[in-house]
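Here is the structure we will look at, set down as structure tokens.
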Amino acid sequence: MGKDKILDASDKEKVKSLKLRVTKGFISEVSFPLVGNPSEERLRTSRSDKQRYHIYGLSKRVKIIFCLIAFSLLTSCSLPRIIILEDPLTPEEHINLGVAYEKSGELDNALKEYKEASKKLPSAYLYMGNIYFQKNELAEAEYYYKKAIKKGPQNADAYNNLAWLYYTKKENLDEAESLALKAIELNPSKKDGYQDTIEKIRGVKSKL
């Protein structure tokens, strides 16, 4: 394109007015000045016009971005909040509930309660072992009895119950007897019950 023509006084008659209509803060229509006959001359803009419209374009984009951010914040605030509540029951209460289920024969429900309790209470593994023993899932029962002993080495019942499991399976009888003796050592107040386990084990061993 050629150089921009500088308008003098005589050209002012040929210049059509620049109309800027502003609606609610936005430029809605722009009419550029035309030099000479519109059918013969190309549309021209001065450098200042270009700068003004460039600034206008930037400001418009900024406003659009601002509106999008505001909309995002507003919609995010209106979304429902998810509140995670802590378990209302203590581990001991889970144990008590599990025992209640176990007495009524609801072994699966009892197991769920014992599992919840085991998150903070190692002795719950003993109860889990008992459930699996009642369900005749002896491998699982053995696993949880051993876990109860590992997590709570002073749990005499865990030693005795593992000994009884071995007696039931008629295997590891020497280890079973040692486990029952360990139970008596840890909790002499239950000696009578643990002694019964020992006698059962010795009775089987005498027949082998």
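Throughout, read-outs are computed from the coordinates displayed, never taken from laboratory work. All figures in this text were calculated on a predicted structure; none of them were measured in a lab. Methodologically, a virtual Cβ is constructed for each residue, glycine included, from the backbone with ideal geometry; neighbour enumeration extends over all protein chains shown.
For the stretch 104-118, indicate whether the set of residues that are of a type in the set (G, A, S), closer than 20 Å to D87 by Cα and part of a loop (DSSP other than H, G, I, E, B) is non-empty. Write out each step before concluding.
Filtering the stretch 104-118 for residues of a type in the set (G, A, S) gives 104-105, 110, 117-118.
Applying the additional criterion that residues be closer than 20 Å to D87 by Cα yields 110, 117-118.
Going one step further and asking which of them are part of a loop (DSSP other than H, G, I, E, B), we end up with none.
No, every residue in the stretch 104-118 fails to be of a type in the set (G, A, S), closer than 20 Å to D87 by Cα and part of a loop (DSSP other than H, G, I, E, B).
Which residue is surrounded by the most Cβ atoms within 10 Å (Cβ to Cβ), if the candidates are limited to the stretch 102-117 and must be in contact (Cβ under 8 Å) with a residue 24 or more places away in the chain and under 26 Å from the mean Cα position of the chain (by Cα)?
Checked the stretch 102-117; the qualifying residue surrounded by the most Cβ atoms within 10 Å (Cβ to Cβ) is A117.
Somewhere in the stretch 117-130, is a residue touching a helix residue (DSSP H, G or I) at 6+ places or on another chain (Cβ under 9 Å), closer than 23 Å to A100 by Cβ and among the aromatic types (F, W, Y)?
yes
Given the conditions (1) closer than 19 Å to A124 by Cβ; (2) hydrophobic (A, V, I, L, M, F, W, C); (3) more than 44 Å from the chain's Cα centre (by Cα), report the number of the one that A156 does not fulfil.
That leaves (3) as the condition not met.
How many of the residues in the stretch 131-157 are assigned to a helix (DSSP H, G or I) and touching a helix residue (DSSP H, G or I) at 6+ places or on another chain (Cβ under 7 Å)?
17
Filter the stretch 83-103 for residues that are aliphatic (A, V, I, L, M) and either assigned to a loop (DSSP other than H, G, I, E, B) or within 19 Å of Y145 (Cα to Cα) (or both) and give the result.
I83, I84, L85, L89, I95, V99
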